[in-house]
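This report concerns only the one structure given below.
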Amino acid sequence: MTIEEKPDPEKTNWLSRLRHGLGRSSAKLADGITGVFTKRKLDDDVLRELEDMLIAADLGPAVAAKLVADFGKTRFGKDVSDIEVKTALAEQIAAILRPVAAPLQVDFARKPFVILVVGVNGTGKTTTIAKFAQNYIDHGLRVTLAAGDTFRAAAVEQLRIWGNRVGADVVAGEQGGDAAALAYRAFEQARADASDILLIDTAGRLHNKNDLMQELAKIVRVIKKIDDTAPHAVMLTLDATTGQNAHAQVDAFRQMVNVTGLVVTKLDGSAKGGVVVALADKFALPIYAVGVGEKAEDLQPFSAEDFAKALTGG
Ligand SMILES: Nc1nc2c(ncn2[C@@H]2O[C@H](COP(=O)(O)OP(=O)(O)O)[C@@H](O)[C@H]2O)c(=O)[nH]1
Ligand SMILES: [Mg+2]
């Protein structure tokens, strides 16, 4: 099962929020394109300006170079309109995004299906867990949440509140307790309760990289004692507003755990939406979903076409 598309009004609502959220990214790009391409032939200068604009929109140098090269091949020396450029770019960007627009597939042979959620503090782990939980519960599934961010008291409390709100079972322990022991207990509890899904929250203290690596490794080790195929997914949350910094976070977390997919949050308020394209190109990791707000329903499956159009203002 995957996060299914919401009915039309909400989809429209979501699309408009995505457009609005990416507005700051796309306005820069769209205005720039209009400025450069009004009645000009496509020459080296124009291509260079386009490349700079794409880099400034956080698509990264590698993607910018690739897009401009493709573009120059087919249209060099020709008159091109800004609209033509935007449409062509949206198509090229969608082509980069399409392979990674892969929602998280739940394998119901695993009961529970265990999803480990990792990411730097503040990137949206707990909120994303609540959003996924809500969606699964809406589809009639039983969901257990493990409050594995034992480092901060507020983090445990936040997960409890979300659990109550969306109707998930929450397994929590003492603040400062052992996260791996808690994860193990939550897994046993989820099995005993015949939960379909177990979502494990974790701490994200990247400044203590060694501690965090050991903690995550231990969580994985102990849950494998119950089911050696678990965790069945490892989801990394990235805050879009951090821009290119997200690349370093993917690298860092991949050294610690076997990240199987990404969730990019805060696209509703970001001027750095282009980073999603850069991430797709560089890591080729599935983008399970994107976050466009703080509420439980503000998570949607990632659509390559919608995103590309919203980003280019097409
Ligand atoms: N605008 C917006 N805010 C978000 C989104 N996802 C999470 N947040 C907010 O970001 C802050 C940190 O989120 P949280 O889930 O606590 O991050 P964690 O520390 O990784 O667990 C909270 O205030 C959330 O409400 C999103 O998609 N859009
Ligand atoms: Mg949290």
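The values are calculated or read from the model by the stated rules, or taken from the named source; none is laboratory data. No experiment lies behind these values; they were computed from the predicted model shown. Don't worry about glycine lacking a Cβ; one is built from the backbone with ideal geometry, like all the others, and counts go over all protein chains shown. Surface areas here come from the heavy atoms of the whole protein model, side chains and all, with no ligands, DNA or RNA. Shrake-Rupley method; radii C 1.70, N 1.55, O 1.52, S 1.80 Å.
At-a-glance table
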| item | result |
| --- | --- |
| Cα Rg, Dmax (largest Cα-Cα span) when computed across region 233-299, Å | 11.3, 32 |
| Exposure of His232 as accessible area (Å², to 10), given a probe of 1.4 Å and all protein chains | 40 Å² |
| Heavy-atom surface of region 14-169, accessible at 1.4 Å and reported per residue (Å²) | 43 Å² |
| Percent RCO, i.e. relative contact order, over the chain, from Cα pairs under 8 Å lying at least 6 residues apart | 28 percent |
| 5 angstrom amide H check on Ile287, placed H, neighbours 5+ away | Ala101, Ala102, Leu262 |
| Length gained when the stretch Gln244-Lys111 is fully extended (0.36 nm per residue, less Cα-Cα span) | 44.2 nm |
| With every protein chain in place, the chain: carbon and sulfur % of accessible area (1.4 Å) | 50 percent |
| Relative pair counts by distance (%), Cα atoms of region 112-161, 5 Å bins | 4, 19, 31, 26, 13, 6, 1 |
| Whole-Å semi-axes of the chain's equivalent ellipsoid (Cα gyration tensor) | 40, 19, 16 |
| Spin-label model distance (nm) - Ala217 vs Asp52, 7 Å beyond Cα toward Cβ | 4.7 nm |
| All lysines inside 26 Å of Lys125 as judged from Cα atoms, apart from same-chain residues fewer than 8 positions distant | Lys6, Lys11, Lys111, Lys209, Lys218, Lys224, Lys225, Lys266, Lys272, Lys282, Lys295 |
| Rg [Å, one decimal], Dmax [Å, integer] - region 161-314, C-alpha atoms | 16.9, 51 |
| Fully extended contour minus Cα-Cα distance, from Arg98 to Asp228, at 0.36 nm per residue | 43.6 nm |
| Pairwise label distance in nanometres, Asn164 with Lys295, each label 7 Å out on the Cα-Cβ vector | 2.1 nm |
| At R0 = 45 Å, FRET efficiency that the Cβ-Cβ distance of Ala62 and Ala154 yields, to 0.05 | 0.70 |
| 3J(HN,Hα) from dihedral phi, region 77-85, Karplus parametrisation 6.51/-1.76/1.60, rounded to Hz, x for glycine, proline | x, 9, 6, 10, 8, 4, 5, 4, 5 |
| Formal net charge of residues neighbouring Ala179 (Cβ-Cβ distance under 10 Å; K, R +1; D, E -1) | -3 |
| For the chain, built as a Gaussian network whose Cα springs stay under 10 Å, the top-fluctuating residue of Lys266, Lys78, Lys295 | Lys78 |
| Among 81-93, 142-154, the order from most to least packed when residues are scored by Cβ within 10 Å on average | 142-154, 81-93 |
